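Okay, structure first, notes after.
The values are calculated or read from the model by the stated rules, or taken from the named source; none is laboratory data. Fair warning: this is a prediction, and the values are worked out from it, not measured in the lab. Here Cβ is always computed from backbone atoms with ideal geometry, including for glycine, and neighbour counts include all displayed protein chains.
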């Protein structure tokens with residue numbers, strides 16, 4: 001998959017060590033993290049997570065991840081992350097997070113759409129899935145606007161009380 005991926009307002013690129021301060025803005029924000037499958041992180045915990053993300057650049061095998069920093073092209077600031085987790089040869093799970101002061105501007109939609117447009121042909125995907133907490137209405141609507149359909153609840157989702165599983169067949 002090309003690196004970086006460019007859209008009108010965003011650059012999706014592999015993480016760099018100097019992304020730490022930007023990542024900390026949303027990794028440490030309880031409001032942002034409430035629907036994400038990791039706890040609020042300290043600077044040291046964010047640094048450990050970033051170190052792991054530096055190697056997540058290809059997803060050839062089941063369980064492997066591609067994680068891209070979402071960078072505003074006008075400011076150079078990392079405002080979020082978008083990821084793909086390979087489930088099998090033709091299926092991947094997609095996820096994303098955007099810092100709170102950038103919510104409501106269509107940036108998450110733009111990032112997810114850009115990742116999908118690049119990943120599907122590059123990785124030979126025929127299906128994308130997403131797991132979203134039932135209370136996360138904004139993310140459910142975003143994914144439905146991008147062509148995902150709700151399949152129902154999954155107890156193996158992000159939280160023990162279940163998550164909505166969505167799918168998009170290509």
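The table for this structure:
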| item | result |
| --- | --- |
| Verdict on residue 108 being within 21 Å of residue 16 (Cα to Cα), in a loop (DSSP other than H, G, I, E, B) and touching a helix residue (DSSP H, G or I) at 6+ places or on another chain (Cβ under 8 Å) | no |
| Residues of region 69-93 satisfying the condition of being within 12 Å of the chain's Cα centre (by Cα) and over 15 Å from residue 123 (Cα atoms) | 69, 70, 79, 80, 81, 82 |
| 3 or more residues touching a helix residue (DSSP H, G or I) at 6+ places or on another chain (Cβ under 9 Å) and buried (at least 18 other Cβ atoms within 10 Å of the Cβ): qualifying strands (runs of 3 or more DSSP E) within region 1-102 | 65-72, 78-86, 91-98 |
| Pick from region 104-115, criterion free of Cβ contacts under 8 Å to residues at least 60 places away in the same chain and more than 11 Å from the chain's Cα centre (by Cα), ranking: nearest to residue 94 (Cα to Cα) | 106 |
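Residue-by-condition table, conditions (1) more than 16 Å from the chain's Cα centre (by Cα); (2) modelled with pLDDT under 90; (3) part of a strand (DSSP E or B):
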residue	(1), (2), (3)
117	no, no, no
122	yes, no, no
138	no, no, no
142	no, no, no
150	yes, no, yes
156	yes, yes, no
166	no, no, yes
